[in-house]
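Each value in this text was obtained by applying a stated rule to the coordinates, not by laboratory testing. It should be emphasised that the depicted structure is a prediction, and the values quoted were computed from it without experimental measurement. Glycine also receives a Cβ, built like all others from the backbone with ideal geometry; neighbour counts cover every protein chain displayed.
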Amino acid sequence: MHATEVISAKTTLTSTNVIALVGTERFFRAGVLRAIPGVMDESGEISISRFSGAEADVRNVFAELRTVSMFGDQRSVLIEGAEEFISKYRSELEGWVEKPSAGSLLILDLQKWKKTERLYKAVSSTGLIIECSELSGAALIRWMQQLARDEFGKKLDSDTAALITSLAGESLTLLQQEIDKLASLVGDAPEITREDVTRVVGGWKTQTTWDMLDAIRDGHPGSALLNLEKLIQGGEAPQKVLGGLVFIFRRYAEATERARQGTPLRTALKEAGIFRGNEIEAGERYLKRLGFEKASRIFSLLMEADRDMKGGSRVNPVILLERLFIRLAGAPVLYEPQAGQGT
């Protein structure tokens, strides 16, 4: 199971003598430990014996696990960075997993573990293996929505969640902090909106980005390029700027395809994720100004730029962005930059 299931209480952890936490996302560790029966003390703090996997001796670990508390409490031991510990004491651990000490709990914390290993299979059979892997894509968005709902009682739609990640990155700790700030900002409002995110998470860079994207849509490439210069001088990476561009313009590409299949343009824009009245009207004007032939190339232009920025071209990424801006705005590209051109 994944750690998110444990932390959200979708899964009740059964009593066991061995648990493995496997993965690189440190954010999940404390939440999973708090969900394990017998690990929390009366004050609500995690109370557990900890050993370093690189230094621990298996005899000392087993001795700690066999120690009987005068209060009859569970004896819990956490091996942090358990890869070396497992490698060194594999046979001893296989024997312990087969016949563990009563009232004991061994927790193995490691980043990677081959599922083909006999010990892995033994722990999977008699204990619990909890994945603490990083989240990305749809799984990350779902986690953010769940966090907003369960912890703060706020609705967070998928597009707004995606906007937060494009501005703040994918660190779960930072995302939790941003959602906390946003929930405090909106007060009694039931939903965290895009406007809230723009004010709280992005600051001037976010507003400049929206102005830039609106200028492209409205056919003002000169204004868009000036805002791009501000962002680059402010330290924004071209790849991040492209991410914001794709976030918005893929909707116009989707609306164009829906319209091609017979859906009325206004309806197609709504179905593609453009909901607000003024944005729908601006989107209609944009696609009509481009015409079907140019509008149908929006998606391929975005993918071409993404491929070029990921190593498909030696052209300066800023120049690639400038060319993309002009094309998306519907203006002719008067030159093709050569490899190595620009700084």
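General remarks:
- Of the labelled figures [x] 79, 50, 40; [y] 107, 45, 29; [z] 67, 46, 36, only one reflects Cα extents along the principal axes in Å as derived from the coordinates, namely [x].
- DSSP finds beta bridges in the chain, and of those with both partners inside it, around 5 percent are antiparallel.
- Within straight-line cross-link reach of K99, lysines at Cα separation under 24 Å, skipping those fewer than 8 residues along the same chain: K88, K114, K115, K121
- Ranking of F28, F247 by neighbouring Cβ atoms within 10 Å, starting from the fewest: F247, F28.
- When the listed pairs K154/K240; K155/K288; K181/K270; K205/K310; K112/K205 are checked against a 32 Å cut-off, the alpha-carbon distance exceeds it for K155/K288; K112/K205.
- Residues K112, K288 in ascending order of nearby Cβ atoms (within 10 Å, fewest first): K112, K288.
- Whether region 50-140 is rounded, prolate or oblate, judged on the alpha carbon gyration tensor where a/c under 1.5 counts as rounded: prolate
- Helix 137-152 and the long axis of the chain differ in direction by around 70°, with both axes built from C-alpha atoms.
- Residue among G222, G311, G243 with the largest mean-square fluctuation in a Gaussian network model of the chain, springs linking Cα atoms under 10 Å: G311
- Residue-by-residue Karplus 3J(HN,Hα) for region 249-254, coefficients 6.51, -1.76, 1.60, Hz, glycine and proline x: 6, 5, 5, 5, 5, 5
- Counted charge near D188, where neighbours are those whose Cβ lies closer than 15 Å (Asp, Glu -1; Lys, Arg +1): 0
- C-alpha center-to-center spacing [region 12-31, region 148-166] in angstrom: 25
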